[in-house]
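No lab work stands behind these numbers, since they all come straight from the coordinates. Because the structure is a prediction, the values reported are computed rather than measured. Note that each Cβ is placed from the backbone with ideal geometry, even for glycine, and that neighbours are counted across all protein chains shown.
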Amino acid sequence: GDSVTQMEGPVTLSEEAFLTINCTYTATGYPSLFWYVQYPGEGLQLLLKATKADDKGSNKGFEATYRKETTSFHLEKGSVQVSDSAVYFCALDFYNQGGKLIFGQGTELSVKP
Amino acid sequence: SAVISQKPSRDICQRGTSLTIQCQVDSQVTMMFWYRQQPGQSLTLIATANQGSEATYESGFVIDKFPISRPNLTFSTLTVSNMSPEDSSIYLCSVVGQGHNEQFFGPGTRLTVL
């Protein structure tokens, strides 16, 4: 079945370090791909998305490129801040099949000053 | 984007009782979903709330345990029935707006069952 796999956390980085959170997916069709973020004590927010191969989603300094050949959607940021500490979820969505989201297990990021 | 509210925001309940969670959206939406996020885990889809008809449940979830209503395009309820401590989770409502292909999530309802 369709699934999403993320790198395990927690990930601990120093401020201004480079961030990569790996995400790979298994799907029979052509899903849209998303990164959601959950800050401590808050709800789930959409961070960025890509709807087709080679699309790059970006927001708040974060980027992810939809790589069909490697079935990946890795999240990157060049310089993380303490305020980026959160749990990050990769997800896929087959809108034309009802819009159900399939989530990865989440990766907790902790950024130290 | 849609503005979604959920009531209650949190509750502590006794084993064997039931709790109904409400989800209200500020605009008409095409799709509404209910998810569960167990402590320290990812989100799992419970069901799709269908307007005017029975909800569509995912594998492992049944209507007797999680009855869902959606009387119109802006409102849905999820009931957690005959609760046990294993039902302690955050329950989230999400919506897909008309003409969009991304989901927006409500703030969640944090349920603790003693």
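Using equal-weight Cα scatterers in the Debye expression, the normalised intensity of segment A:1-72 in log10 at q = 0.23, 0.27, 0.28 Å⁻¹ is -1.24, -1.44, -1.47.
Using C-alpha pairs under 8 Å with a sequence gap of at least 6, the mean separation divided by the residue count of chain A gives a relative contact order of 37 percent. Summary: within chain A, the longest segment free of trypsin sites (Lys or Arg not before Pro) located in DSSP loops with at most 16 other C-beta atoms within 10 Å is A:1-51. Counted over all Cα-Cα pairs of chain B, pairs farther apart than 25 Å make up 15 percent.
In chain A, taking the dipole from charged Cβ atoms about the Cα centre, the farthest positive-side position among A:Ile102, A:Phe73, A:Pro31 is held by A:Pro31. Taking the Cα centre of chain B as origin and assigning +1 to Lys and Arg Cβ atoms and -1 to Asp and Glu Cβ atoms, the resulting dipole is close to 220 debye. When the trypsin sites (Lys or Arg not before Pro) in segment B:1-94 are filtered for DSSP coil states and for at most 13 other beta-carbon atoms within 10 Å of their beta-carbon, the remaining sites are B:Arg15. The chymotrypsin sites (Phe, Trp or Tyr not before Pro) of segment A:11-113 meeting both criteria, a DSSP state outside H, G, I, E and B (loop) and at most 13 other C-beta atoms within 10 angstrom of the site's C-beta, are A:Phe18. Any idea how far the Cα center of segment A:1-73 sits from the one of segment B:1-62, in Å? The two parts, judged by their Cα centres, are 24 Å apart. Our summary of shape: the Cα atoms of the protein assembly as shown have principal axis extents of 48, 37, 32 Å, ordered from largest down, in whole angstrom. Its Cα centre serving as origin, the protein assembly as shown has a Cβ charge dipole (Lys and Arg +1, Asp and Glu -1) of approximately 320 debye. Taking the average, over residues, of other Cβ atoms within 10 Å as the packing measure, peptides A:105-111, B:24-30 rank A:105-111, B:24-30 from highest down.
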